[in-house]
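The values are calculated or read from the model by the stated rules, or taken from the named source; none is laboratory data. Quantities reported herein were computed from a predicted structural model and do not represent experimental measurements. FYI the Cβ positions are ideal-geometry reconstructions off the backbone, even for glycines, and counts take in every protein chain you see.
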Amino acid sequence: MKRALAIASTVLGIAAFGYALTVVGVANVRQAIATAGWGFASILLLSAVRELTQAATWALTFTGTQRLSITDAFRARMAGEALSTLLPMGFIVGEPMKAQHVDDHMPFATAFSGLMLEFAFYSASLLLLALGGLALFVPSNIGFVAAVVALSILVLAKPVRRVLTPVWRFVIAEPRRACAIGALEIAYHALGCAEVYLILRCLNAAGATWRSAVAFELMNRGVTVVFKMVPMRLGIDEASAAFMATRVALDPATGVMLALVRKLRALFWTALSLLAIAVRAIRRCAPTLTYRVNQLGKIGLKTSASTARSLP
């Protein structure tokens, strides 16, 4: 059953990748690469480091005898993110895929509970990021009121408390690990801002500022949460980036190209992840296929021998 699901998800992911590449357009891909130039290699490297921070966060959530290396967590994370990015409501498939991808190291339930704890820490960091954005872009008096309202919601709203309760329990039980996870979550968002700044430097060096980079990253995090069900947020990222560009005194075309470069970066890692998923599925199916071929060969030999003995 697991092998069938792995094969089905691989085929579906490859088909969705082809569709996404068609919708984005080969011409747009070429334009994004040409505009970013050699800076695109630095963008890929920075995004890899960023994903490694999330993989390390997941690995740190395991405190028992069963542990997960950062390398295995990174591979599993990229496999799940590929499906989450490409498929409608992809997180429903992608998150379990991450846990299933490490089933040779630990039970699925253990891996998935670690993912849920990591998601709780990520949600808490998103709240802090939003409050930081308010303090940066909203006048101080309005920002103070908004912060009070946000903290009130945090204390009173049951869904928010339900998400953050595991974080609080983990902080009490494992304060050092919790601090490390918190630092990695902050680093994840900081690297996102650095990635935007680097892309803006490649696209429009004169208009690249850290304030603009933070604004674009804040908007991107919000769009990602709201439109999580849309595959690759096709068209949404471009429109929202163009809108934000006008708010930070940049040309809307710069915002659109920023979104395209980030989408191309996502397509690059998605392609590699799908290849890794396919290789893993083939390796897992190979022993079964070899066994069945050998069995068929033995049956054929027995049949040939019986036929030969029955001949006069």
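Out of the residues in segment 67-101 that are farther than 22 Å from Cys179 by Cβ and among the polar types (S, T, N, Q), which is surrounded by the fewest Cβ atoms within 10 Å (Cβ to Cβ)? Break it down stepwise before answering.
Of segment 67-101, the ones farther than 22 Å from Cys179 by Cβ are 71-72, 75-76, 78-101.
Next cut, among the polar types (S, T, N, Q) only: 71, 84-85, 100.
Working: Thr71: 11, Ser84: 20, Thr85: 23, Gln100: 18.
Per the criteria, the residue is Thr71.
Residues are listed down the side, and each one gets a yes or a no for (1) out of contact with any helix residue (DSSP H, G or I) (no Cβ under 6 Å at 6 or more places or on another chain); (2) not β-branched (Val, Ile, Thr); (3) not in a helix (DSSP H, G or I):
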| position | (1), (2), (3) |
| --- | --- |
| Thr65 | yes, no, yes |
| Leu68 | no, yes, yes |
| Phe74 | no, yes, no |
| Arg77 | no, yes, no |
| Ser84 | no, yes, no |
| Met97 | no, yes, no |
| Met106 | yes, yes, yes |
| Phe121 | no, yes, no |
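Looking only at residues in segment 221-257 that are out of contact with any Lys or Arg (no Cβ under 8 Å at 6 or more places or on another chain) and polar (S, T, N, Q), which one is nearest to Ala36 (Cα to Cα)?
Looking at the filtered set, the residue picked out is Thr254.
Considering only segment 206-238, how many residues are of a type in the set (Gly, Ala, Ser) and either within 14 Å of Ala253 (Cα to Cα) or not in a helix (DSSP H, G or I) (or both)?
Here is the first cut: in segment 206-238, the ones of a type in the set (Gly, Ala, Ser) are 206-208, 212-213, 215, 222, 235.
Within this subset, residues satisfying the condition of being either within 14 Å of Ala253 (Cα to Cα) or not in a helix (DSSP H, G or I) (or both) are 207-208, 235.
Total meeting the criteria: 3.
Using the structure shown, decide if Ala266 is part of a helix (DSSP H, G or I), of a type in the set (A, V, I, L, M, F, W, C) and over 20 Å from the mean Cα position of the chain (by Cα).
Working: part of a helix (DSSP H, G or I): yes; of a type in the set (A, V, I, L, M, F, W, C): yes; over 20 Å from the mean Cα position of the chain (by Cα): no.
No.
Please work out if Asp104 is more than 15 Å from Ala271 (Cα to Cα), modelled with pLDDT of 85 or more and of a type outside the set (S, T, N, Q).
Details: more than 15 Å from Ala271 (Cα to Cα): yes; modelled with pLDDT of 85 or more: no; of a type outside the set (S, T, N, Q): yes.
No: the conditions fail for Asp104.
When you look at Val93, is it modelled with pLDDT under 90 and either within 11 Å of the chain's Cα centre (by Cα) or part of a helix (DSSP H, G or I) (or both), yes or no? So that I can check it myself, show each step before the final result.
On the way: modelled with pLDDT under 90: yes; either within 11 Å of the chain's Cα centre (by Cα) or part of a helix (DSSP H, G or I) (or both): yes.
When the stated conditions are applied, Val93 passes them.
Restricting attention to segment 237-254, which residues are over 13 Å from Ser212 (Cα atoms), touching a residue at least 12 places away in the same chain (Cβ under 8 Å) and either surrounded by fewer than 15 Cβ atoms within 10 Å (Cβ to Cβ) or of a type in the set (S, T, N, Q) (or both)?
Ser240, the sole residue that qualifies.
Using the structure shown, decide if Ile186 is touching a helix residue (DSSP H, G or I) at 6+ places or on another chain (Cβ under 7 Å), part of a helix (DSSP H, G or I) and either farther than 30 Å from Leu68 by Cα or at pLDDT 85 or above (or both).
Values: touching a helix residue (DSSP H, G or I) at 6+ places or on another chain (Cβ under 7 Å): yes; part of a helix (DSSP H, G or I): yes; either farther than 30 Å from Leu68 by Cα or at pLDDT 85 or above (or both): yes.
Here the answer is yes, as Ile186 does meet what is asked.
Without any contact (Cβ under 8 Å) to a residue 24 or more places away in the chain and either hydrophobic (A, V, I, L, M, F, W, C) or closer than 20 Å to Pro231 by Cβ (or both), is that true of Phe91? Walk me through it before giving the result.
On the way: without any contact (Cβ under 8 Å) to a residue 24 or more places away in the chain: no; either hydrophobic (A, V, I, L, M, F, W, C) or closer than 20 Å to Pro231 by Cβ (or both): yes.
Criteria not met by Phe91.
Farther than 30 Å from Ala187 by Cα, surrounded by 13 or more Cβ atoms within 10 Å (Cβ to Cβ) and modelled with pLDDT under 90: is that true of Ala36 in this structure? Walk me through it before giving the result.
Numbers: farther than 30 Å from Ala187 by Cα: no; surrounded by 13 or more Cβ atoms within 10 Å (Cβ to Cβ): yes; modelled with pLDDT under 90: yes.
No.
On the basis of being surrounded by 18 or more Cβ atoms within 10 Å (Cβ to Cβ) and at pLDDT 80 or above, does Leu117 make the cut?
Working: surrounded by 18 or more Cβ atoms within 10 Å (Cβ to Cβ): yes; at pLDDT 80 or above: yes.
The answer is yes for Leu117.
So which residues in segment 148-182 are at pLDDT 85 or above, among the aliphatic types (A, V, I, L, M) and surrounded by 13 or more Cβ atoms within 10 Å (Cβ to Cβ), if there are any at all?
Val171, Ala178, Ala180, Ile181, listed by residue number.
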